[in-house]
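Structure first, then comments.
Laboratory data are not the source of any read-out in this text; all were calculated from the coordinates shown. This one's a predicted model, so the numbers in the text were calculated from it and none came from an experiment. Reconstructed Cβ throughout: ideal geometry from the backbone, glycine too, with neighbour counts over all protein chains shown.
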Amino acid sequence: MTTTGAESAPGPSKAQPAVTTRPRAAIAERTLRKDRWWLPPGIVAIGLAAWVTYATVRVFLKENYWVAEHHYLTPFYSPCVSLECIPEAAHFGRFVPDLPILPYAVISLPILLLFRLTCYYYRKAYYRSFWLSPPACAVPDGHARYTGETRFPLVLQNFHRYTFYLVVVITAINTWDMFLAFGGEAGFGIGLGNLVLLLNVIFLWLYTLSCHSCRHVTGGRLKHFSKHPIRYRWWTFVSRINPKHMQFAWISLGTLALVDAYVMAVSAGWITDLRFFN
Amino acid sequence: MSIQRHQYDVVVIGAGGAGLRAAIEARLAGAKTAVISKSLFGKAHTVMAEGGAAAAMGNVNPGDSWQVHFRDTMRGGKFLNDVRMAELHAKESPERVWELEIYGALFDRTKDGRISQRNFGGHEYPRLAHVGDRTGLEMIRTLQQKIVSLQQEDRAATGEYESRLRVFDETTVTELLLEDGKVAGAFGYDRESGEFLLFEAPAVVLATGGIGRSFKVTSNSWEYTGDGHALALRAGGKLINMEFIQFHPTGMVWPPSVKGILVTESVRGDGGVLKNTEGQRFMFDYVPDVFRAYYADTPEEADRWYDDPDNNRRPPELLPRDEVARAINAEVKAGRGTKAGGVLLDIASRRSAEFIQRKLPSMYHQFKELADVDITAQPMEVGPTCHYVMGGVEVDADTGAATGAVEGLFAAGEVSGGMHGSNRLGGNSLSDLLVFGKRAGEHAAAYATALPSRPRPSQADVTTAEEAALAPLARGDGENPYALQQELQDVMQSLVGIIRRRGELEDSLQRLAELRERVDKVGATGGRRYNPGWHLALDLRNMLVVSECTARAALEREESRGGHTREDFPDMKPEWRRVTLVCSLAGADEVRLAQQPVTPMRPELAGLFERDELAKYYTPEELSSATADLG
Amino acid sequence: MRNFRIWRGDASSGALEDYQVEVNEGEVVLDVLHRLQATQTPDLACRWNCKAGKCGSCSVEINGMPKLACMTRMSTFTADETITVTPLRTFPVIRDLVTDVSYNYVKAREMPAFSPPPDLAPGEYRMQQVDVERSQEFRKCIECFLCQNVCHVVRDHEENKLAFAGPRLFIRAAELDMHPLDARTDRKEHTRDRQGVGYCNITKCCTEVCPEHIKITDNAIIPMKERVVDRRYDPLVWLGRKIFRRDQVEQQAAAEDTTPAPASPETVTHRASPGQVNWAQEIQVPPAPAVGPDGRFAMSEVLIDRAGAPSPFGDDVTFPVDPEQLRYLHPRTDED
Ligand SMILES: Cc1cc2nc3c(=O)[nH]c(=O)nc-3n(C[C@H](O)[C@H](O)[C@H](O)COP(=O)(O)OP(=O)(O)OC[C@H]3O[C@@H](n4cnc5c(N)ncnc54)[C@H](O)[C@@H]3O)c2cc1C
Ligand code: SF4
Ligand code: SF4
Ligand code: FES
Ligand code: FES
């Protein structure tokens, strides 16, 4: 308290320090939420766990990733750079020796993994569902101490933007694969597989371009939009898809799994590709 | 008992737009300043203002100038305004608004990057600087942040944020302390702890806002108990124009969650009609003879007007505000109103849901979100709502110093009177706060500096104030403050409301006198820590004395003008324009009313008006002297 | 008649108490609290002002979720539901539903104010609508502090209050950094170093509770984090810093900066006159050393932003320390 007179008596003051020793309300219940707050984080946990399991199994299966007849390549093996890759599937050369612990797409997969791990949406998702920090709003944190993303290793989340740049390249590669798949052994043709690949690429782009870092670098970092009309246009576009980033994150997971499962099924001969043209 | 003592050069009571602006100016003038507010810092009533702040910047229409603004203000106030105040206001408001930009405000912009201005009723040109519909919030936040930045400067200079400017939030002032007719300080309590505080200061600026809580249906918050009005009265100041209160004819009366919130006129303009509980569209019965020629007699003709306004007369729902209010009032009094004391405004049964949503999006969303009322599916319950008090502390226009038997008292904002005359134009209040807040702060600081010796509050006065504040707590089984407040609101709403009659006003004075006796016996249970019952018990005294001023002045003024409508004297009378009604206190709490002549307009200002226009307001002899000067 | 459970009490103790209140159609929780005051508990403490969702006074927790009492309609509950109303958990309680929210004001005061461009006079400001729009969104904030209350960084970890300013102040930082005419250039550094934006793990609870529907996380916190990346985590910039020792220069400049050092606890409750020691004042608790979640120091020195071990006085103390703020009296033997 700023005392202002000689007779000033100490008393309560509004100018108190940020951290006081004054107690909070003594409420026994840790949370008074009565709705099913545990449901959304639960679903997320199950969904992510299921997907990761599937993807891990598939990545190390190292077969049924290429449909030779229609040139379908699953994104889990793109670009296929291992020396063991089927030569036709390796659109960008084979130069990495095969080791059991290395997937065939050993360059792209770690980048994709880092990209999604450091994605602002996935961070929210796994901080809530796996790290319980917090599991839901107004529900206590599962940890006694908390320093957020201020220290190693979580401070590395700040490098998300650089993974974004790399992923743009990889998504371009996926797009290239998608185009190549229109030309199978019998020349140009369209099958259900092509449509699934196309769908996947569309959602991959939507997810990638709606990234918060993308929003920042296209225009968000500017102080004066009015002086950069073109970048403002880009920013407006990204800002329009950005609110759906979470949806795109899940949908693109879905389409990735779908494409992969489809390619696997066709490649293994469990189903035959539905052809519309040639 | 311990009491915190503080010494300041200037104490500003009220942290709304006016109070904060005054405090900034006083601090800039070098005075050690305190700001006191009943609520938290930045939550004062000013946050509710929506429309904008009127200032003749001419950004949208370069034809605008202070002269035009001045003219509009005088017309709005029906020429009862304090001319000097209206002039200063019109001249200085652009600068005050621009100043806000330096403090960090972000108004909506025009194409060429200036502050955008919007149209508003009564203003000839687009004039209201605005930010969406939250201009008041922007203003208070800006001033709040400016105060913080001054505190940061002080910290850099002295090591303490609060060395020269300090905000006392959640602190209520209950009494001003004087010595020989000079302000010596202010006495109050901290709401949080219930502890008493004594501010020793030679200059006090009142910026406490209005009195709307004395009415049952009001758009005002609990802060509006007329504290500043009552403090000024008790200190020897005078209140003027207290009979003028702005009502809006259609405020929501039900459901309670939106009581007092305004329903814009455009609901009626877009096809909404007023019905009583018998389902009758009653406005046809209330068209006064002077308007007969312009308004439809049959519902069929009225309904044709919406599509074909050239060949049909307007629906009577679009009569002037006071006529609509009068009609609603009459219906309710005749027992054809709803339980909550309103009538039904029905647009749902007359227009399609898409039409309503397209034409009235903000109304639709407001009611949907706040009250779950779907205005496309059900009628609204509306009635007259108290909105703003034009009357207030009489002040010197240039300095903001209160007149009367007190020195060192200043007032600005809604608590001061005169600027708006008998009716306020939309948007003129926010700019009023800035212009006169600045002036009051500046002159309060100058007064405090120039004073040769500082008056000191006497211990006896402090003890009396303490006892008065503690009295309700000692009467644990006294009258329930909430019940008393409700009764007071009933009396004011039904007897001194929007339409007034001699008999009812006399009645109200008697009921107020009865209430006063009961308020003297009000009690509060619980301790001193954050006890709303106790706080209300202390506010009641102020509400009562201010209500009495309003009732007495309303009884005295035998004409209808602006915010004062007498059913028994429905016309505006030039003789009454020359008179201001002044309230003061005789003895402890006895209200005295006097008439005071209005200062005439300077010739160059009078020259801004057409002679014909002045003729409508002036008596013939006034008119000849005013125009004679013009030559 | 509806069942209400309301937390009554003060700093020393308190409990949920049950009330039976009449509820009419179309009311909000605040109406019911008012009815309780008028009929049963005249001293029930709660804050409110506008009753229209514009002032942000009436923040409480309703059924465990932070809400505005004046914007929570009774019709959103089922008829037999018991409605629990408790004070904000994150702030010290004063009485019943009223809490001491001064934390937020202290943090606001540590935020360097808008800095007007020196060369423009009032009336000369020209800004385009597209340039002010982003900041305008943040200026909608009604300071209800629901976001500050729900944020787990301080809600569940009182000790973080020192270093963490909270979402309300992040939108203020974003507002000023995006203001087309603000003249300061160090807002990003301030957000990282003084406001602790790194503590936020973007779990979005602030956005979920904001009654003004401000996209706090998407439009303010994440852009601020990205802007911090521009200055602090860009590999090239980082390398440049290390090589040219620019950070030291900046730190020096920051020390000379006249703006208040935030996060420095303002525990100085009394200013003693010179030569006198104020024994009553609280002294600053030294911050714990920078250890990871496992309780150990960070693995590598590269990751610490300064050379050597962290100072036991905390990283934000400027030397020399003002002797008046110390609880130390130098003994003088020659006098008595
Ligand atoms: C719904 C609504 C919409 C409006 N729209 C507009 C508009 O568009 N344009 C316009 O120009 N005007 C508008 N107004 C009017 C305008 O908002 C007010 O007239 C104006 O804000 C009053 O400001 P003030 O500074 O005088 O007082 P306030 O902002 O009301 O501040 C009063 C201050 O005094 C304090 N106080 C009161 N009593 C005491 C006491 N005893 N002790 C200590 N402190 C005390 C209070 O705590 C508060 O801080 C509107 C009003 C309402 C209700
Ligand atoms: S997003 Fe960040 S600031 Fe917002 S509540 Fe979560 S941790 Fe707090
Ligand atoms: S950002 Fe939203 S939740 Fe936070 S204080 Fe402002 S209005 Fe309240
Ligand atoms: S990919 Fe999700 S934010 Fe960048
Ligand atoms: S009372 Fe103002 S926000 Fe609820």
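Rg over Rh for segment A:39-277 works out to 1.01, using Cα positions for both radii and the Kirkwood form for Rh. Remark: the protein assembly as shown carries a charge dipole of roughly 2600 debye about the Cα centre, counting +1 on each Lys and Arg Cβ and -1 on each Asp and Glu Cβ. With Cα atoms defining each centre, segment B:292-314 and segment B:73-125 are spaced 36 Å apart in the structure.
Taking trypsin sites (Lys or Arg not before Pro) in DSSP loop states with no more than 11 other Cβ atoms inside 10 Å as exposed sites, chain B has its longest site-free stretch at B:340-631.
Any chance you could run the full-extension gain for B:E558 through B:A377? It's 0.36 nm times the residue separation minus the Cα-Cα distance, nm to one decimal.
Length gained between B:E558 and B:A377: 60.8 nm.
Using Cα-only point scatterers and the Debye equation, what is log10 of I(q)/I(0) for chain B at each q in 0.10 Å⁻¹, rounded to two decimals? Taking Cα atoms of chain B as identical point scatterers yields -0.91. Around the amide H of C:T84, modelled in the peptide plane, lie the amide H atoms of C:R5, C:N63, all under 5 Å away and 5 or more residues distant in sequence or on another chain.
Between A:G187, A:P229, A:L258, the Cα set farthest toward the positive side of the dipole of segment A:39-277 (charges on each charged residue's Cβ, about the Cα centre) is that of A:P229.
Backbone phi angles across segment C:55-71, fed through the Karplus curve with coefficients 6.51, -1.76 and 1.60 (θ = phi - 60°), yield HN-Hα couplings of 10, x, 8, 8, 5, 9, 10, 10, 6, x, 9, x, 8, 7, 5, 7, 10 Hz in residue order; Gly and Pro are listed as x. Within a straight-line Cα-Cα reach of under 24 Å, B:K182 can be paired with the following lysines, leaving aside sequence neighbours fewer than 8 residues apart in one chain: B:K32, B:K238, B:K438. With q set to 0.17 Å⁻¹, the log10 of I(q)/I(0) for segment C:102-232, from the Debye formula over equal scatterers at the Cα positions, is -0.87. Around the amide H of B:G251, modelled in the peptide plane, lie the amide H atoms of B:V263, B:G383, B:T385, all under 5 Å away and 5 or more residues distant in sequence or on another chain.
The distance linking segment A:129-149 with segment C:130-147 is 27 Å (Cα centroid to Cα centroid, whole angstrom). Using the Karplus relation 6.51 cos²θ - 1.76 cosθ + 1.60 with θ = phi - 60°, the per-residue 3J(HN,Hα) values for segment C:144-158 come to 7, 6, 5, 5, 4, 6, 7, 4, 5, 4, 9, 4, 9, 9, 3 Hz, with x marking Gly and Pro. Stokes-Einstein diffusion of segment C:2-98 at 25 °C, 0.890 mPa s viscosity, Kirkwood radius from Cα pairs, rounded to a whole number: 183 µm²/s.
Projected label points at B:E575 and C:N3, each 7 Å from Cα along the beta carbon direction, are separated by 6.9 nanometres. Considering segment B:66-165, its Cα convex hull presents a mean projected area of 8.2 nm².
Panel order for A:S133, C:S57, by other beta carbons found within 10 Å of each beta carbon, from fewest to most: A:S133, C:S57.
Beta bridges assigned by DSSP with both partners in the protein assembly as shown are antiparallel in approximately 70 percent of cases.
Helix-derived [θ] at 222 nm for chain A: sum -39500 (n - 2.57) over DSSP H runs of at least 4, divide by residue count, nearest 500? Show your work: numbers first, answer last.
On the way: 8 runs with 123 residues, N = 278.
Result for chain A, helices only: -14500 deg cm²/dmol.
Rounded, prolate or oblate: pick one for segment B:421-486, where a ≥ b ≥ c are the square roots of the eigenvalues of its C-alpha gyration tensor, a/c under 1.5 means rounded, and failing that, prolate if a/b is larger than b/c, else oblate.
Details: a/c = 4.89, a/b = 1.27, b/c = 3.85.
Oblate, because a/c is 1.5 or more while a/b does not exceed b/c.
In plain terms, if you count all Cα to Cα distances in the protein assembly as shown and split them into 10 Å steps from zero, the share in each step is 2, 8, 16, 20, 19, 15, 10, 6, 3, 1, 0, 0 percent. With a simple spin-label model that places each label point 7 Å from the Cα along the Cα-to-Cβ direction, the separation between B:S453 and A:A268 comes to 10.3 nm. Estimated from the Cβ-Cβ distance and a Förster radius of 51 angstrom, the FRET efficiency linking A:A68 and B:T277 is about 0.05. With 0.36 nm allotted per residue and the present C-alpha distance subtracted, the C:T185-C:V237 stretch has 17.1 nm of extension available.
Using a cut-off of under 19 Å, list every residue of segment A:59-86 whose amide N is near the label point 7 Å from the Cα of A:A261 along the Cα-to-beta-carbon line. Answer for segment A:59-86: A:59-67, A:73-77.
Please list, by residue number, everything in segment B:585-629 whose backbone N is under 20 Å from a paramagnetic label point 7 Å out along Cα→Cβ of B:T399. Within reach of a label on B:T399: B:599. Remark: for residue pairs C:K188/C:K215; B:K216/B:K573; B:K275/B:K339, the C-alpha separation exceeds 21 Å in B:K216/B:K573. Taking amide H as placed 1.01 Å from N in the peptide plane, B:G418 has its amide H under 5 Å from the amide H of B:G392, each at least 5 places away in sequence or on another chain. What angle, in degrees between 0 and 90 and rounded to the nearest 10, separates the Cα long axis of helix B:502-519 from the longest principal axis of the Cα atoms of chain B? The answer is roughly 30 degrees. Averaged over the residues of peptide C:147-158, the number of Cβ atoms from other protein chains lying within 10 Å of each residue's Cβ is 5.
The distance between label points at B:N61 and B:K111 comes to 1.8 nm (points 7 Å beyond Cα on the Cα→Cβ vector).
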